[in-house]
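Derivation of every value follows stated rules applied to the coordinates shown; laboratory data play no part. Note that the structure is predicted; figures quoted are calculated from it, not measured. Neighbour counts run over all protein chains shown; Cβ positions are idealised from the backbone, glycine included.
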């Protein structure tokens, strides 16, 4: 009995440690993502020191609020993906939640755009939105390069199929 209790206790401790490690890794990945995004935006926006001092605190607020809204959107989308299993009322509620979250996202962008315009020239605010879009495309390309066979950065078009395996000649003297 003591053995069983000891084994269960060790298993529980191991699972708790594993969960903490996973959370720590996810947190580190999120921090790296944010740092990469800030560096990318900084390069593309070409802010002066004064502009950067005014912009980044507002951007950090915007980013945090945007993440929360994005989570709401993803939760609603996750429910909608299970549409076959939902009742009509549940599906309707999920659609309403998605639309409400998307509206909240648009309202948030409008609100923060006005705040950005107060501390940056309009062209730099436009550059911010262009840089965010460029960063999103950059991430997509990175993901696509990891998924695509061949060398990362290879510029040839990808049609979604894997490369066929090269057949070895039956006779090694032939090539």
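Scan the range 73-128 residue by residue and report those that are over 25 Å from residue 38 (Cα atoms) and outside any helix (DSSP H, G or I). If the condition is that a residue be over 25 Å from residue 38 (Cα atoms) and outside any helix (DSSP H, G or I), then 81, 82, 86, 87 are the ones that fit. Would you mind stating whether residue 44 is in contact with a helix residue (DSSP H, G or I) (Cβ under 6 Å, 6 or more places away or on another chain), assigned to a helix (DSSP H, G or I) and within 27 Å of residue 139 (Cα to Cα)? For residue 44, the condition - in contact with a helix residue (DSSP H, G or I) (Cβ under 6 Å, 6 or more places away or on another chain), assigned to a helix (DSSP H, G or I) and within 27 Å of residue 139 (Cα to Cα) - is met. If you go through the range 131-150 and keep only what is under 30 Å from residue 50 (Cβ atoms) and surrounded by fewer than 12 Cβ atoms within 10 Å (Cβ to Cβ), you end up with 133, 136, 137.
One residue stands out among those in the range 79-115 that are touching a helix residue (DSSP H, G or I) at 6+ places or on another chain (Cβ under 6 Å) and more than 15 Å from residue 65 (Cα to Cα): the one that is surrounded by the most Cβ atoms within 10 Å (Cβ to Cβ), which is 94.
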